[in-house]
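The values are calculated or read from the model by the stated rules, or taken from the named source; none is laboratory data. Being a predicted model, the structure only gives us computed values, none of them experimental. Note that each Cβ is placed from the backbone with ideal geometry, even for glycine, and that neighbours are counted across all protein chains shown.
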Amino acid sequence: MSIEIRSADLETDRDGLWRLKRQFELGLGTDTGGEQKAEIYEQKLTGEYRTRYLEWAERCTEEAAQSILVAERNATAGRTTDGGERLVGYIFVLPESLSLIWDAGVVNELFVAEPHRGTGVADRLMERALEVLSEQDLPLERVVLDVDRANDRAQAFYERYGFDHWGELVSRPLE
C-alpha cells in the first residue's frame with residue numbers, strides 16, 4: 001500500500017479531514033483523560049463545531065496551501081478498494097501569519113488513524129511539516145506544539161524529533 005503526503009484540498013478532503021479530526025479529538029479524551037475529559041471532548045463535536053473548524057481550516061489553507069498536509073492511502077478517489085478511507089492522517093501547521101501567537105512555528109495537530117500507526121506515516125507528515133515551517137519567517141527559530149504529558153507514545157515520538165518541554169500550559173474554565 002502506498003501513502004502519499006500532500007497538501008489538503010478542502011474541496012475533496014473535507015469529509016475525510018473531519019473524520020480524522022473527530023478521531024483526534026475523541027482520542028484526546030479517551031486516551032489520556034479519563035471519562036470526564038472524554039465526555040467534554042465528545043460534547044464539543046457538534047455540527048456547528050464541524051462547520052467552524054472546516055471554515056478555519058479553509059482560511060488557513062487559502063493563506064498557505066501547505067498548512068494542512070494529509071496522508072492519502074492508495075491515492076484513489078473516494079474509498080479504497082477494500083472499503084477503507086483514503087485519508088489516514090494529517091498534520092496541521094499554522095500559517096506564518098499566526099506565528100506571533102507563540103513567537104514560533106506551530107504544529108497545531110498531528111493525527112494518524114490507528115491502523116496506520118507505527119508504519120512511518122507520522123514521521124513522513126512531521127518531516128514535511130518541518131520543511132514547511134523552515135520556510136516561514138518566524139520571530140524565534142523554534143517549533144512548538146501541545147502534547148499531553150500522559151501520552152507516552154506521543155512524547156516519545158516528539159522527543160525523537162528533538163522536542164523538549166519549553167514552559168508549561170495551564171488552563172481554567174471560563175465562568
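Brief remarks follow.
- Only one of the numbered conditions (1) closer than 16 Å to Lys21 by Cα; (2) at pLDDT 95 or above is violated by Pro115, and that is (2).
- Any hit, segment 78-86, residues being surrounded by 12 or more Cβ atoms within 10 Å (Cβ to Cβ) and either under 14 Å from Arg6 (Cα atoms) or under 15 Å from the mean Cα position of the chain (by Cα) (or both): yes
- From the list Asp137, Asp103, the lone residue that is farther than 29 Å from Asp15 by Cβ, in contact with a Pro (Cβ under 6 Å, 6 or more places away or on another chain) and either surrounded by fewer than 18 Cβ atoms within 10 Å (Cβ to Cβ) or not aliphatic (A, V, I, L, M) (or both) is Asp103.
- Residues in segment 13-22 that are out of contact with any Lys or Arg (no Cβ under 7 Å at 6 or more places or on another chain), in contact (Cβ under 8 Å) with a residue 40 or more places away in the chain and either more than 12 Å from Glu58 (Cα to Cα) or not in a helix (DSSP H, G or I) (or both): 3 in all.
- When Asp137 is tested against (1) at pLDDT 90 or above; (2) within 23 Å of Gln23 (Cβ to Cβ); (3) acidic (Asp, Glu); (4) part of a loop (DSSP other than H, G, I, E, B), just one condition goes unmet, and that condition is (2).
- So Glu127, is it modelled with pLDDT of 95 or more, assigned to a strand (DSSP E or B) and under 18 Å from the mean Cα position of the chain (by Cα): no
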